[in-house]
Amino acid sequence: MSSEQNSTTPNGVQIQPGRRLPDFLQSVNLKYVKLGYHYLVSHLLTLCLVPLMAVIILEASRLDPDDIHQLWLHLQYNLVSVIVFSAFLVFGSTVYIMTRPRSVYLVDYSCYRPPSHLQVKFHRFMEHSRLTGDFDESSLEFQRKILERSGLGEETVVPEAMHSLPPRPSMAAAREEAEQVMFGALDNLFANTNVKPKDIGILVVNCSLFNPTPSLSAIIVNKYKLRGNIRSFNLGGMGCSAGVIAIDLAKDMLQVHRNTYAVVVSTENITQNWYFGNKKSMLIPNCLFRVGGAAVLLSNKSADKRRAKYKIVHVVRTHRGADDKAFKCVYQEQDDAGKTGVSLSKDLMAIAGGALKTNITTLGPLVLPISEQLLFFLTLVAKKLFNAKVKPYIPDFKLAFDHFCIHAGGRAVIDELEKNLQLLPEHVEASRMALHRFGNTSSSSIWYELAYIEAKGRMRKGNRVWQIAFGSGFKCNSAVWQALRNVKPSTNGPWEDCIHRKMKTNAEEEEYGGAR
């Protein structure tokens with residue numbers, strides 16, 4: 001018989017040999033030790049200044065009237081020094097106020113909500129693909145598997161031209177899709193903000209694959225009769241991260257042009273960019289990309305701070321286009337049969353990971369508390385100088401941000417960022433839900449995610465939001481926003497018709513909860 005004896009808890013529950021209950025007390029203590037460390041390091045300067053200020057106040061309280069009189073006489077005899085010091089102080093303050101970056105506020109934004117009659121169920125998608133006659137059995141089976149694993153739901157939308165048999169991917173149909181999306185988002189934005197189109201001084205439009213002449217920005221100028229001296233820009237071919245690029249461009253323009261509004265319109269066009277061939281790497285976009293768009297109103301007017309939702313804090317852009325593999329990992333080309341599509345490389349996730357690493361290396365020092373930066377630095381020193389066998393320290397970005405809007409490029413993208421950034425399921429819930437309800441809407445997906453967080457009532461004053469997007473080139477771009485108030489969803493938001501749904505059964509949870 002074994003010499004090992006079963007142990008018993010105070011409640012009489014037997015514990016098998018070799019299996020012990022976890023030491024919850026120790027884990028709780030470690031949690032509070034970590035929290036205490038972060039608080040101590042983050043507030044180190046304050047904690048040092050408080051005793052100093054207390055000593056100064058104590059010494060000042062001991063001054064009698066004679067001491068105060070002597071101090072006044074001293075200042076009188078050094079009047080020139082006081083005047084010179086005051087002049088330098090006033091001059092320096094004036095220069096600082098005149099040259100400091102202007103605050104840029106996000107007054108409001110609007111996401112296009114496509115009509116329900118354009119929704120495409122999985123079985124209808126597959127049936128339609130079969131009836132076009134352009135895909136062989138191997139390609140059809142490949143698309144079916146991609147759909148099942150994509151994270152998309154049954155309510156995503158494709159443009160009206162793709163519902164026809166045969167599909168009609170004409171220039172006129174593509175213009176119609178672009179106008180429906182852009183005008184739908186802009187009409188709602190102007191209605192919610194009461195801003196007149198004539199008040200817009202800057203317009204930035206980004207759409208990667210559809211760039212007609214006149215441009216999409218010119219179409220908007222013509223539709224809303226914007227003023228003749230508007231600064232308009234049209235960004236093309238910049239992929240799913242172009243929404244952050246457009247925000248960065250608008251922010252820079254608002255630093256130059258005083259007292260004005262900027263509108264950013266982010267969208268993508270599917271009608272003329274559906275792939276009708278059998279190359280596997282070019283079929284994936286058919287299964288993931290769906291109709292969507294967003295319009296964002298930015299302002300540099302100090303008066304708009306009271307009604308604005310957010311203030312922009314940082315924009316960090318990373319471009320890996322100098323590397324050939326990164327440059328070609330998302331590439332528009334023709335297949336052997338001469339059919340045009342966008343090819344996705346097998347190295348896409350690895351390249352995206354490298355771009356993300358570069359991006360957060362720049363972003364980290366701007367947003368992370370000093371405690372996290374110190375831990376990262378000490379780990380790096382130990383590894384480089386002392387050849388210590390320690391794992392690279394992954395900073396805890398949950399200490400810097402309250403909400404995360406990860407580009408809904410696909411389930412794999414969200415899974416990888418959740419794992420690598422050590423996020424919790426609630427941090428990627430908005431991304432999964434946006435992918436499930438609207439699909440990959442390219443550069444506008446981060447706005448559908450932000451709208452989801454607002455619709456859930458989770459955005460509180462002072463909260464920080466990290467929008468992160470990946471795009472062709474290859475690029476990884478980040479935008480950081482800070483909530484100026486407890487943000488409520490705007491009227492006619494994209495989630496207005498579905499946020500109230502309850503998840504009562506496992507089937508419903510899978511359908512509406514974006515279950516993994």
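The values are calculated or read from the model by the stated rules, or taken from the named source; none is laboratory data. What you are looking at is a predicted structure, and each value in this text was computed from that prediction instead of being measured. When we count neighbours, we look across all protein chains shown, and the Cβ atoms used for this are built from the backbone with ideal geometry, even at glycine. Please note that ligands, DNA and RNA were not included when accessible areas were found on the heavy atoms of the full protein model with its side chains. Shrake-Rupley method; radii C 1.70, N 1.55, O 1.52, S 1.80 Å.
Would you mind classifying region 284-324 by shape? Square roots of the alpha carbon gyration tensor eigenvalues, ordered a ≥ b ≥ c; an a/c under 1.5 is rounded, otherwise it is prolate if a/b is larger than b/c and oblate if not. Could you put the intermediate results ahead of the total?
Values: a/c = 4.53, a/b = 1.62, b/c = 2.80.
Oblate, because a/c is 1.5 or more while a/b does not exceed b/c.
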Would you mind giving the three semi-axes, in whole Å and largest first, of the ellipsoid equivalent to region 103-245 according to its Cα gyration tensor?
34, 17, 15
Report the dimensions of region 291-395 along its three principal axes from the alpha-carbon atoms, largest first, rounded to Å.
57, 52, 22
Anything over 31 Å Cα to Cα? Flag those among 121/339; 398/475; 198/309; 305/456; 121/456; 121/311, in the order listed.
121/311
Of the residues 161, 147, 184, the Cα lying farthest along the dipole of region 135-205 towards its positive end, which is defined by charges on the beta carbon of Lys, Arg, Asp and Glu, belongs to 184
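Do any trypsin sites (Lys or Arg not before Pro) in region 178-255 lie in a DSSP loop with no more than 13 other beta carbon atoms within 10 Å, and if so, which? Write out the running numbers ahead of the final one.
On the way: sites: 198, 223, 225, 227, 231, 251; in loops: 225, 227.
Passing sites in region 178-255 are 225, 227.
What are the equivalent ellipsoid semi-axes of region 228-314, built from the alpha-carbon gyration tensor (square roots of five times its eigenvalues), in whole angstrom, biggest first?
Working: eigenvalues 234, 36, 23 Å².
Semi-axes (√(5λ), whole Å): 34, 13, 11.
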Enumerate the amide H contacts of residue 404 below 5 Å, restricted to partners 5 or more residues apart or on another chain; note that Pro and chain-start residues carry no placed amide H.
466
For a protection proxy built on the mean count of beta-carbon atoms within 10 angstrom, sort 180-188, 406-414 highest first, please.
406-414, 180-188
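Considering just Cα atoms, how many Å³ per residue does the convex hull of region 392-462 enclose? Mind showing how you got there, number by number?
On the way: hull volume 6.4 nm³, N = 71.
Convex hull of Cα atoms, per residue: 91 Å³.
Could you please put 379, 491 in sequence from largest to smallest accessible area, using a 1.4 Å probe? Don't skip to the end; give the middle numbers.
On the way: 379 30, 491 95 Å².
Ranked list, largest accessible area first: 491, 379.
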